[in-house]
Amino acid sequence: MNIFRFAGDMTHLISIVVLLLKIYATKSCSGISLKTQELYVIVFLARYLDLFTDFISVYNTVMKLVFIGSSLAIVWCMRMHRAVKRTYDKELDTFRHYFLVLGSFVLALLLHEKFTFQEIFWAFSIYLEAVAILPQLVMLQRSGNVDNLTGQYVFFLGAYRAFYILNWIYRFFTEPHFSRWIACLSGLVQTAFYADFFYYYFISWKNNAKLQLPA
Amino acid sequence: AVEEVPHDEL
């Protein structure tokens, strides 16, 4: 594992910690898209089917369990926790996420590394992750004002994607047979979605001002 | 032949 991959995993982990912190500390999930969070649950469950068949390392196994567990905990809080669910901005979270699930699955049936149950679900999870942030980004755009922790959450998620791209560039030059075009292309698409957010994030950071997205 | 490599990323 190279430093970029590790940095990517850590920023991914930090983003989840920031989100859990926001929900637990403020007992509020305002500004957070339940649809994006539900998509992440599907992404992790579909991708980590290999938990039972392939052992990579203790690190990989632990991280997989953490990602599955934390995404389930977030969705549970937003749906079931009495105080938290009241703060969910349902009227701002109207993205039709079923289309994303359906589209990703059809794409996985067409484009995959191997036509096996696990590989189809792996490709599906890669495609779905690429678009899973969209309901959240649309929600931020709609509400305009972004609270600090929600802004940090999306920032760290974007940083995770950026580090993964550096990781692939590094692997491409250091590993003789590294060719993961499904993951790399989807990763590029996914990271591109964050470009706009990053632009406004850095402007607000430079001006030491509250993060605001244009309507 | 294509090598079978398990998915080693998260």
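The ranking of A:Met10, A:Met63, A:Met139, A:Met80 from fewest to most other beta carbons within 10 Å of each one's beta carbon is A:Met80, A:Met10, A:Met63, A:Met139. Report summary: the helix-based calculation at 222 nm, which adds -39500 (n - 2.57) for every DSSP H run with n ≥ 4 and divides by the residues of chain A, gives -25000 deg cm²/dmol. Each of A:Asp89 and A:Ile203 was given a label point 7 Å from its Cα along the Cα-to-Cβ line. The distance between the two points is 1.8 nm.
Computed over the stretch A:104-201, the P(r) curve from all C-alpha pair distances, binned at 10 Å from the origin, holds 14, 39, 31, 13, 2 percent per bin. Rounded, prolate or oblate: which fits the stretch A:1-118 when a ≥ b ≥ c are the square roots of the eigenvalues of the alpha-carbon gyration tensor, with rounded for a/c under 1.5 and prolate only if a/b beats b/c? Since a/c reaches 1.5 but b/c is at least a/b, the shape of the stretch A:1-118 is classed as oblate.
Tell me which aspartates and glutamates have Cα within less than 15 Å of A:Lys64's Cα, excluding those fewer than 8 residues away on the same chain? The qualifying aspartates and glutamates are A:Asp9, A:Asp50, A:Asp54, A:Glu129, B:Asp8, B:Glu9. Give, in nm to one decimal, the length gained when the segment between A:Trp181 and A:Leu72 is fully stretched (0.36 nm per residue of separation minus the Cα-Cα distance). Length gained between A:Trp181 and A:Leu72: 36.3 nm. By the rule of a C-alpha distance below 16 Å, with chain neighbours fewer than 8 residues away ignored, the lysines paired with A:Lys85 are A:Lys22, A:Lys27, A:Lys35.
Among A:Asp54, A:Asp89, A:Asp147, which one shows the highest mean-square fluctuation when chain A is modelled as a Gaussian network with alpha-carbon springs under 10 Å? Judging by the Gaussian network model, the answer is A:Asp54.
In the stretch A:60-168, the alpha-carbon atoms span a convex hull of 143 Å³ per residue. FRET efficiency for the A:Leu20 to A:Asn148 pair, using the beta carbon distance and R₀ = 22 Å, is estimated at 0.90.
Give me the extension gain from A:Leu111 to A:Met1: residue separation times 0.36 nm, minus the current Cα-Cα distance, reported in nm with one decimal.
The span from A:Leu111 to A:Met1 would gain 36.9 nm if fully extended.
Under a 5 Å amide H cut-off, with hydrogens placed 1.01 Å from N, A:Thr87 pairs with A:Cys29 among residues at least 5 apart or on other chains.
Among the complete DSSP H segments of chain A, which ones combine at least 30 Å of alpha-carbon extent along their axis with a mean Kyte-Doolittle hydropathy of 1.0 or more?
Membrane-span-like by this rule: A:3-26, A:58-80.
Each Cα pair of chain A feeds into the Kirkwood radius, which the Stokes-Einstein equation turns, at 37 °C and 0.692 mPa s, into a diffusion coefficient of 182 µm²/s. Principal axis analysis of the Cα atoms in the stretch A:155-197 yields extents of 35, 17, 11 Å, listed in decreasing size. Note on A:Thr53/A:Lys27: beta-carbon distance plugged into 1/(1 + (r/R0)^6) with R0 of 35 Å gives a FRET efficiency of 0.30.
Each value in this text was obtained by applying a stated rule to the coordinates, not by laboratory testing. Since we're looking at a predicted model, the values are computed, not measured. All Cβ positions, glycine included, derive from the backbone under ideal geometry; neighbour counts span all protein chains shown.
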